[in-house]
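Okay, so here's the structure we're looking at.
The values are calculated or read from the model by the stated rules, or taken from the named source; none is laboratory data. Being a predicted model, the structure only gives us computed values, none of them experimental. Positions of Cβ are backbone-derived with ideal geometry, glycine not excepted, and every protein chain shown enters the neighbour counts. These accessible areas exclude ligands, DNA and RNA; they are computed on the full protein's heavy atoms, side chains included. Shrake-Rupley method; radii C 1.70, N 1.55, O 1.52, S 1.80 Å.
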Amino acid sequence: MSFNTFGHLFRVTTWGESHGPAIGATVDGCPPGVPLEAEMLQHWLDQRRPGTSRFTTQRREPDRVRILSGVYEGQTTGTPIQLMIENTDQRSKDYSEIAAKFRPGHADITYWQKYGIRDPRGGGRSSARETASRVAAGGVARAALKALAPGLSITGYMVQMGPHQVDRESFDLAEIERNPFRVPSARTAEQWAGYLDALRKDGNSVGAICEVVIAGAPAGLGAPIYAKLDTELAAAMMSINAVKGVEIGEGMNAATLTGVENADEIAMGPDGPAYASNHAGGILGGISTGQDIVVRFAVKPTSSILHPRRTITKTGEPSEIVTRGRHDPCVGIRAVPVGEAMAACVMLDQILLHRAQVGDGPRGQIG
C-alpha cells in the first residue's frame, strides 16, 4: 500500500513530483450536479502559489489547473474528477550537489531507507509542491459544501511565526488578504516583515503555527471512538508536509486548566444549546457541537537552508551540506490555504458520511 489517498466517501488521490512534468489529484465521490469550473479552483490555488512576495520561494509557477474529467457543462457528473497542474519552472540542477547527500531535518534519508531510491529534485513527493494538488481538490470540496452546507465557512490564518505570536488585540480577519503573511493583524504583519527579512537574508528559515476555523458546521458530525471528527481533522492536518503538531480547541493548553475553567457551560438559546465558551474547539466526544471548530497546526522550519550542516552520504561517509535553490524562509505562509483545503475535504467527507448513516432528518432535538 502506498497510501496516496485520503478520505472515506469523498476520496482524494494526489500524484506527481516536484520536478516532474505535472502534479495533480483524482477526486472521487463528489456528488453530481455541483457547479464547478476551473476558475473556481484557481481562486484557491492563487493563494498558495509560489513567488507572490519576497517572503516565499521565488519559483515562478502559474499553477494553472485543468479539469480533465468528471465535469460536463459546468457541473460535476458524479464520476472521478481528474485535476492536473503542469510544472513549468523547475531548476533541477540546483539539487545536483545533494543527490548523494541527505539534508538534515528532511525526508531525504527516510525515503532512501524505505525505498532504496529517491528523487532529489526538489524533494520529489516530499516537497511542499505536492500540496498544490490538495488545494485544487479542496476547491472541489468547497464547491460541494456550498451546495450541501451553504452556511459553513472555512477561514485560515497564521497566528505565530517563530517566537512571535499574533497581536490578538488588533485581530481583524479582513487583514488576512492585505498582507503577505495571511495574518489577521496589520500590526503583526509589520513586525513579522522585519523579522523574516533578516532570516531570509541570512539564508535561514523559521517555523510557524496556523489556525483554521470552521464556522457554521452543524452539530452531530463525526463518530465516537475511532472516527472522531477531531481525529479526522488532526490526521488531515498532520499529513501536510512539514507539519509536526496539531491541536483542537485549547489543545495542549487544556493540560494547564482546571475542570472548572475548561468546562464550556451550556444554556438554552433561541436556536438551541448555547455555550458560554469554546475550550473544546467545537467538538465533544468526537462529534461536532455546532460551535466554531478550531484547529491549529505547527509547521517546522524549511530544511533547505544556506547554512552548512553536517550530514552523511548514501555510502555513510561524513560530509557537509548547503542547500541552494529557491525555498520558503517560512513555509507556514503558504500552508494556510493547504490547511483550509484539508479542512474542506474532511468536512465534506463527514457530511456525506453523516447523511449515509442517519439521513438528512433532524436527530436528538433539544427543547
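Residues checked against (1) charged (D, E, K, R); (2) outside any strand (DSSP E or B); (3) within 20 Å of Asp360 (Cα to Cα):
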| residue | (1), (2), (3) |
| --- | --- |
| Ile209 | no, no, no |
| Val212 | no, no, no |
| Tyr226 | no, yes, no |
| Glu232 | yes, yes, no |
| Met237 | no, yes, no |
| Asn241 | no, yes, no |
| Val246 | no, no, no |
| Asn253 | no, yes, no |
- If you take the residues of the range 80-96 that are modelled with pLDDT under 90 and either under 19 Å from Ile240 (Cα atoms) or outside any loop (DSSP other than H, G, I, E, B) (or both), which of them is most open to solvent (accessible area, probe 1.4 Å)? Lys93
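Name the strands (runs of 3 or more DSSP E) wholly inside the range 261-351 in which the number of residues that are touching a strand residue (DSSP E or B) at 6+ places or on another chain (Cβ under 9 Å), hydroxyl-bearing (Ser, Thr, Tyr) and closer than 30 Å to Pro104 by Cα is 2 or more.
none
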- Go through the range 317-367 and give me each residue that's over 24 Å from Gln160 (Cα atoms) and basic (Lys, Arg). Arg324, Arg355, Arg363
- Note on the structure: Counting only residues in the range 352-367 that are part of a loop (DSSP other than H, G, I, E, B) and out of contact with any strand residue (DSSP E or B) (no Cβ under 9 Å at 6 or more places or on another chain), the one most open to solvent (accessible area, probe 1.4 Å) is identified as Arg363
- Note on the structure: From the option list Arg168, Arg121, Arg200, Arg125, single residue qualifying as basic (Lys, Arg), at negative phi and in contact with a helix residue (DSSP H, G or I) (Cβ under 6 Å, 6 or more places away or on another chain) is Arg121
- Item | Which listed residue, of Pro224, Pro184, Pro218, is within 27 Å of Ile283 (Cβ to Cβ) and either among the small types (Gly, Ala, Ser) or buried (at least 19 other Cβ atoms within 10 Å of the Cβ) (or both) | Pro184
- Pull up the range 8-35, narrow it to residues that are crowded, with 21+ Cβ neighbours inside 10 Å and either over 17 Å from Glu130 (Cα atoms) or charged (D, E, K, R) (or both), then point me to the one that is nearest to the chain's Cα centre (by Cα). Phe10
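Quick check: anything in the range 37-47 more than 23 Å from the chain's Cα centre (by Cα) and either at pLDDT below 90 or under 29 Å from Val206 (Cα atoms) (or both)? Explain how you work it out, then say what you get.
Of all residues in the range 37-47, those more than 23 Å from the chain's Cα centre (by Cα) come to none.
Looking for residues that are more than 23 Å from the chain's Cα centre (by Cα) and either at pLDDT below 90 or under 29 Å from Val206 (Cα atoms) (or both), one finds none in the range 37-47, hence no.
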- Message: Looking at the range 154-175 only, could you name the residues that are among the polar types (S, T, N, Q) and buried (at least 16 other Cβ atoms within 10 Å of the Cβ)?
- Response: Thr155, Gln160
- Note on the structure: Scanning the range 306-329 residue by residue, the ones that are open to solvent by less than 30 Å² (accessible area, probe 1.4 Å), at pLDDT 85 or above and among the β-branched types (Val, Ile, Thr) total 4
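Can you give me the number of residues within the range 97-145 that are outside any helix (DSSP H, G or I) and free of Cβ contacts under 8 Å to residues at least 12 places away in the same chain?
Number satisfying all stated conditions: 3.
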